[in-house]
Each structure stands twice: as C-alpha cells, then as structure tokens.
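As structure tokens, the structure follows; a few thoughts come after it.
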Amino acid sequence: MQATRLTWLQRNLKGDPILWAIVILFSLISIAVVYSATGTLAYRQELHGRGGSVEGIALKHTSLILVGLGLMWLAHRIDYRHYSRLSLYALLLSVPLLLYTYFFGGTTFNDASRWLTIPVINQTFQPSDLAKLALITHLASMLSRRQQHINDFWSTLFPVMLWVGVICGLIILSNASTAVLLFLTCLLLMFIGRVPMKHMVLMVAIGITLGGAGLWAGQRLGTVISRVSNFTDAKKKPQFQLEHSFIAIATGGVSGKGPGKSTERNIMPHPYSDFIYAIIIEEYGMIGGLFVLFLYLAFLYRGLKTVMNSHGAFGGLLSAGLCFSLVLQAMVNMGVAVGLGPVTGLPLPLLSMGGTSLIFTGLSIGIILAVSRGEREIRPMTGEDPGAARIPSKRAQYA
C-alpha cells in the first residue's frame, strides 16, 4: 500500500518534492492561523446580518486554498514554454481590466478602487494579481528571446520598458506598494537577464518619473505620504495597527501564548491579512516567527535551485522572477509587522486570508514547479525557441 501511494505521488506530483512540501506546510499553517484570527471579522459580519461565523470563514478560506492547490497542480502539468505565448494575451487582458477597475467598476475599500466583483460567486478579484503574473512571465519571455541582442535598445529593451511602464503605471494609480514591488522584481529580472547597467539606470529614471506622475494622478498619494512620514518621524506615535502589532510581538515572547490565545486579534483591523505575521508571533512566539521566515528562505532556495537546473533562459528567468516576487512581498509584509518599514497593506503570500490572491499565488508556484520538472526546451513549430538561449556566465561574457 505504501509503495502504491509513493508511486501515485511520483506520477502526479512532479517537480521539486521539497517545494511541494513547503507549500503544503504553508497551507496548513494558514488554515490554523486564519481560523484563530477571524473572530472579530465573524462578529462584524453577524452584526451586519451577513451570518458570519469563524467556522464559515475558515471553511471558505480552506476552499480557496484547495482551489489554489488544484490550479497549482494543473499549472505544473503544463509544459512551461506555453506560458511564453499565454503571457502576452494575459497582459493584453490586464490593461483594460486595470483601466476599468480604476475608472468605472472598481469596488472601493480604504479609498482605493482595486477590486472587481465577479458576478454569481460574488468574489472580489484584483486585476493587479493577473497583471503581475503576466508581466513577469512576458518579461522573462522577451529577455530570453533576445539574449543575443540584449544591447539593442529599440528592438529589445524598448518593448521591455514599455510594458513595465504601462503595467506598473496603471497599478500605482490605486496600489502603490504592489506597483513598487513589481517594479523592483522587474529590475531584478533585467539584471539576471544581463541588461546593460546604463539601460537599467534609464529604467529607474523612467520608473521614478512615471511612478511620481501615477501617484500624483491616482488615489494613494496622501496615504503614501502619511505612511512614510509616520515611519520616518521617530517622535510620532505608531499607527494604530502597527502599535498593536508591536504589542502582539512583545507579548508573544519566545514560545508564544499558544494557538488560538491571541488577544490583539480582537483589536487590530486586519489580523488575518496584512498583520497575520504579528498574530503568528503572538501565538507561536519568536520560534514560530523564525520558522515561517525559514520556510520562505527555503522556498527561495529551492526556487533558485530550479533556476540553476533549468535548460534554457526562459525557464530560469521565469522561475527567478516568480520566486523573487513572492519572497520579496513576504519580506516586506514581515518587515512592516516588526517595524522595519512603513505600512503597505500587502498580504503575506501563502498565509494571509485572501480571495483570488491565493489562486494567483498557486498559479505562480505551479509555473515554478513546471520549470523544476527539468524538461528540455525544444524548438516549437514556429521555429523560434523562447528558451533556447542560456544566460551566459560572467566568464563567457568577458571571454
């Protein structure tokens, strides 16, 4: 029986087995912590006649995790070279969705129009999640196709800069933190893809200009200024949620209060999403907090192992971009919770309660797992291989 189960797992769960184990462990932790942190949310829902209960919220969260895992499994079964073509269609879909959300149909929350409500299922959806995944994938595709002409500005780098500028510029209108993090991820991807430093400096200058214009024209300028000034001014009292995050961390101590015994979850506005890391430390102590940090670092390590083992440039760049995107967001979220950065509102990937963000995270990890299957890239029917070129080593560049 055990041999049969092992054979079934090897046949159906391909790719890096350690990466699979890390994701499943994250999912179990997420269910436990969200169940503990949603008591106040359930009370508010009950108060407004929406029939909220902790068990119902936990069940919905668990179902979304299972959907994310299912999509991750489907994504990892697909030859990852197909994502090169699909990414362009996803980008072309993202632009009108971002524009429509901002100007016409966005569901407003905290003075920002970031969400669309999907009819029938009544589930909110952030087009920026789709745009982020599509941009990273298409950027990896463009850089891999043009490795032999990486110094050609107009044919190689101008299309890259155009897409990065358009997508990040549209996202920053309503979500500054996501746009900045996506821009930094794109810069990392361009650095790995051997883009000349002078062109990266130009990219930074364009990013600062467009980012400033987007903030000025968008919804979040006042919020960004307020949060940065609160963080940089030591004389100011910490923001409400940050103050109680500090209390949660301080009272958690080394070993924590125990599962389900958090007190700050009843006070903080979003203990199940933006500040879930503080609840983890309060209930499981610094031991639990360090364990979660270790899991993210292990995830990054296994993702970079996939980069090193990939057979072509597209697979390596794709895996690197998606890994950096998820882990950078996690580091920013945890840094905010412990006071190392201004409040951002970014969820903690794989752990925070969320809607479609869990689904797109699952898709991202599924693509990383598809690359980790180590399938050799072959020339497609078009005669053009998006990943045939390897990224040359530094020694080869100067040979």
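Quantify how much of the Cα-Cα distance distribution of the stretch 81-236 extends past 20 Å, in percent.
Counting every Cα pair in the stretch 81-236, those more than 20 Å apart make up 53 percent.
With Cα atoms defining each centre, the stretch 209-280 and the stretch 309-366 are spaced 19 Å apart in the structure. On the stretch 81-236, 68 percent of the accessible area sits on carbon and sulfur atoms, based on a 1.4 Å probe. Distance between the modelled labels on residue 95 and residue 298, one decimal in nanometres: 4.3 nm (7 Å Cα→Cβ projection). Cross-link partners for residue 236 among the lysines, with Cα-Cα distance under 23 Å and sequence neighbours closer than 8 places in the same chain left out, do not exist in this structure. Under 5 Å between amide hydrogens, built in the peptide plane, is the criterion, and for residue 124 it picks out 118 among residues at least 5 positions away or on other chains. Extension gain for residue 149 to residue 225 (0.36 nm times residue separation, less C-alpha to C-alpha distance): 23.3 nm. The calculated FRET efficiency for residue 205 paired with residue 232, based on their beta-carbon distance and R0 = 22 Å, is about 0.40. Applied to the stretch 174-182, the Karplus parametrisation 6.51 cos²θ - 1.76 cosθ + 1.60 on θ = phi - 60° returns per-residue 3J(HN,Hα) values of 10, 8, 5, 5, 5, 5, 5, 5, 5 Hz, with x for Gly and Pro.
The values are calculated or read from the model by the stated rules, or taken from the named source; none is laboratory data. A quick note: this is a predicted structure, and the numbers were derived from the prediction, not measured. Cβ atoms come from the backbone with ideal geometry, glycine included; neighbour counts cover every protein chain shown. All accessible areas refer to the heavy atoms of the entire protein, side chains included, with ligands and DNA or RNA removed. Shrake-Rupley method; radii C 1.70, N 1.55, O 1.52, S 1.80 Å.
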